[in-house]
Amino acid sequence: MVTKVEKHFKNKSENVRKIFDKLLEKVMGIGPVNVYAVKSAIFLKTSSSFLEIKVRKKFVEINFCLGREVNEFPVSKFQRLSKNRVAHTIHIDHPDEIDKQMITWLKEAYLLIN
């Protein structure tokens, strides 16, 4: 079921909207993306989904795959899905946490599916 992006921000802190807006701005600087919202998450896609965004009450959780393991802050967990795919999770509490390193990983995830 497709839903509107705005529904994800109902009864959430203003901060989580700022996090989402900054993420979207930075990722759109990498290349063209489509935003696809479903009940449980917002997906950024090109030919396939490369970034899952889960809006929580006070933070945002992002999930993306890389071709390698990254076991360093701010990655909170990772899981090998296959020989060439490792899923990573990051919790973002503030827009300022979206730094150059995080954008580099998201660019790598974007390029992995294109």
Starting at the first residue of segment 19-26, write each ³J(HN,Hα) from the Karplus equation 6.51 cos²θ - 1.76 cosθ + 1.60 with θ = phi - 60°, in whole Hz, x for Gly and Pro. 4, 4, 4, 5, 4, 4, 4, 5
Got a sec to turn the phi values of segment 42-57 into Karplus ³J(HN,Hα) couplings, 6.51 cos²θ - 1.76 cosθ + 1.60 with θ = phi - 60°, whole Hz, x for Gly and Pro? 10, 10, 9, 9, 10, 6, 8, 5, 10, 8, 9, 10, 10, 8, 10, 4
Euclidean distance between Cα centres, segment 1-37 to segment 87-108, Å: 14
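Values in this text are rule-based calculations from the coordinates and carry no lab data. Source: prediction; values computed, not measured.
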